[in-house]
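The values are calculated or read from the model by the stated rules, or taken from the named source; none is laboratory data. Keep in mind that what you see is a predicted model, and the values were worked out from it rather than measured. Glycine gets a Cβ as well: all are built from the backbone with ideal geometry, and neighbour counts include every protein chain shown. When the accessible area is computed, the model is the full protein with side chains, heavy atoms only, and any ligands, DNA or RNA have been set aside. Shrake-Rupley method; radii C 1.70, N 1.55, O 1.52, S 1.80 Å.
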Amino acid sequence: MKVLVVYYSLYGHIYRMAQAVQEGAGSVAGVEVQLRRVPETLPEAVLAKMGATAAQKQQAQVPICQLAELGTADAIIFGTPTRFGNMCRQMRQFLYATGQLWQNGAVVGKVGSVFTSSNTQHGGQESTILSFHITLLHHGMVIVGLPYAFQGQMTTDEVSGCSPYGASTIAGGDGSRAPSENELAGAHFQGEYVAKIAKKLAS
Ligand SMILES: Cc1cc2nc3c(=O)[nH]c(=O)nc-3n(C[C@H](O)[C@H](O)[C@H](O)COP(=O)(O)O)c2cc1C
């Protein structure tokens, strides 16, 4: 049983959430999890201007996802920061290259799931996840979100991401807020939940 966590993260928030998703999926017996990032599309000079060099260095050891890996996974959990309420360009470009996989039905019937981040609390987390789901549905994937069984998403005691659509984190207006314990717990839950469902589907 193989779960693939495929993400893009400019400043490291999605990377941190991806690690929690990875831990959650890896906590399920018999599940092997692989963490992969999608290729960067921005030149290094632009990354430097955007203040992302350190965060990129941190992720340098994470292998770039190969398209063929999508076809060999039993479940794929995608992580993307929001860009105007949609997935980021790097993820879109990666997905645009999956035409042949689509033609071959390579991921039909496999579990697909999405988590995200945004700077602001109402900055498009839900639209990012839901619009991402459209692509996964075109690929024939079985969509899994973050059920209310993860009770942390009910909180009104603190500012927090996470919704029934998937785990999420709020980076703050200036991007300085790190994923909270509650948000990381949501990401862990989603990873574990996806892995358990993938196991059931395969049995
Ligand atoms: C071009 C662009 C568009 C963005 N659009 C939004 C947005 O619509 N809403 C929002 O809250 N944050 C927006 N952001 C902020 C990012 O979502 C934020 O930097 C990201 O979630 C942080 O995740 P990361 O550290 O993994 O890159 C945008 C950032 C960029 C560069």
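For A29 and L137 in one chain, what is 0.36 nm times their gap in residues minus the Cα-Cα distance, to one decimal in nm?
36.1 nm
Suppose the chain between I64 and F84 were pulled fully straight at 0.36 nm per residue; how much longer would it get relative to their current alpha carbon spacing?
My answer for the length gained is 4.7 nm.
Let me know the charge dipole size of the range 143-203 about its Cα centre in debye, to the nearest 20, where only the beta-carbon of Lys, Arg (+1) and Asp, Glu (-1) is charged.
440
Treating only the Cβ atoms of Lys and Arg (+1) and Asp and Glu (-1) as charged, compute the dipole magnitude of the chain about its Cα centre; round to the nearest 20 debye.
Charge dipole, the chain, about its Cα centre: 460 debye, nearest 20.
Considering all projection directions equally, how large on average is the shadow of the alpha-carbon convex hull of the chain, in square nanometres?
10.5
Which percent of the accessible heavy-atom area of the range 41-168 goes to carbon and sulfur, probe 1.4 angstrom?
Carbon plus sulfur share of accessible area: 57 percent.
Counting each DSSP H run of 4 or more residues in the chain as -39500 (n - 2.57), what helix-only mean residue ellipticity at 222 nm follows after dividing by all residues, to the nearest 500 deg cm²/dmol?
-12000 deg cm²/dmol
According to a simple spin-label model (label point 7 Å from Cα along Cα-to-Cβ), what is the distance in nm between T53 and T155?
Roughly 3.5 nm, to one decimal.
Could you report the chain's accessible area per residue, 1.4 Å probe, as an integer in Å²?
Here the per-residue accessible area is 46 Å².
Taking the Cα centre of the range 8-90 as origin and charging only Cβ (+1 Lys, Arg; -1 Asp, Glu), how large is the dipole, in debye to the nearest 20?
Dipole size: approximately 380 debye.
If Rh is defined by the Kirkwood formula over all Cα pairs and Rg also comes from Cα, what ratio Rg/Rh do you get for the range 1-113?
0.97
Excluding same-chain residues fewer than 8 positions from K49, which lysines have a Cα within less than 30 Å of its Cα?
The reachable lysines, counting only those whose Cα sits under 30 Å from K49, are K57.
To make sure I understand the rule: partners must be lysines, Cα under 21 Å from the Cα of K199, and not fewer than 8 residues away in the same chain. Which ones qualify?
Straight-distance partners of K199: K2, K110.
Going by Cα centres, the range 157-203 and the range 46-96 are how many Å apart?
If you average the Cα positions of each part, the centres end up 17 Å apart.
So how far apart, in nm, are the two label points at T41 and Y148 if each is 7 Å from Cα heading toward Cβ?
Result for the modelled spin labels: 3.7 nm.
Counting only complete DSSP H runs, which helices of the chain cover 24 Å or more along their long axis at the Cα atoms and score a mean Kyte-Doolittle of -1.0 or above?
Passing helices, by number: 181-202.
Nearest 0.05, what FRET efficiency do T120 and Q100 give at R0 = 45 Å with Cβ-Cβ as r?
Efficiency, rounded to the nearest 0.05: 0.75.
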